[in-house]
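The values are calculated or read from the model by the stated rules, or taken from the named source; none is laboratory data. Fair warning: this is a prediction, and the values are worked out from it, not measured in the lab. Ideal geometry is used to build each Cβ from the backbone, glycine not excepted, and the neighbour counts take in all protein chains shown. Areas reflect the complete protein model, heavy atoms only, side chains present, ligands, DNA and RNA absent. Shrake-Rupley method; radii C 1.70, N 1.55, O 1.52, S 1.80 Å.
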Amino acid sequence: DQRDAQGGDPGGIVPEVSRTPGRRRARICALAFAPALWSWASLAQDFTTLKGHGGPIMGIAISEEGQVATASFDNSVGLWSERTLLWLEGHAAAVTSIIHGAEDGTLITGSDDFTVRLWKEGTADVIGQHKGKVASLSRSPDGSYVASGSWDGSITLWSLEGGSERTLPTPGSNVNAV
């Protein structure tokens, strides 16, 4: 037998199959998952870094068409086309949440300046005002309302069609997600 002292093959090419069941299972698992790891590594090549904000990213929204929009602690919204950045400015404090609207190209943002804004073609209209920071946004399935959660303890439904807002019963503390 030409095995080396550890019981492997002479050239070290074929891994040793241990007589210990735990070690054998570990090696079999490692060999079984190796192709999955290689495919994940190839997917990592499809990622890119979008650089431009002057502060931490607080939220990211990706439209069905693949449009990427970012909300930042630097008080701005970034609208990305490939690697080109269009700045949307209008908030007086950190932009903490962002979602795409029902219409193509519309964005809705919430901010530490207590406002909820609707962005169309690069300009923003204030559609709502809280008494505390806006922490979270969500759009209704039909696209006619936006729900905002705030550190003032309120959840408010804002009409995107010109109707009035509706505040839900106060949960009693900061609202961080809707």
(message) Per residue, how much accessible surface does region 46-176 expose to a 1.4 Å probe? Answer in Å², no decimals.
(response) 55
(request) Please give the length that would be gained between T123 and Q67 if that part of the chain were fully extended, namely 0.36 nm times their separation in residues minus their C-alpha to C-alpha distance (nm, one decimal). (result) 18.4 nm
(message) Taking the Cα centre as origin and putting +1 on Lys and Arg beta-carbons and -1 on Asp and Glu beta-carbons, what dipole magnitude results for region 73-116, to the nearest 20 debye?
(response) 80
(request) State the extension gain, in nm to one decimal, for the chain segment bounded by K51 and L85, taking 0.36 nm per residue of separation less the distance between their alpha-carbons. (result) 11.4 nm
(request) Name the long-range amide H neighbours of K133: under 5 Å, sequence gap of 5 or more, or other chain; modelled H, no Pro or chain starts. (result) W151, D152
(message) Taking the Kirkwood radius as the inverse of the mean 1/r across Cα pairs, report the Rg/Rh of region 79-170.
(response) 0.96
(message) Considering only protein heavy atoms and a probe of 1.4 Å, how much of the accessible area of region 48-178 is carbon and sulfur, as a whole percent?
(response) 49
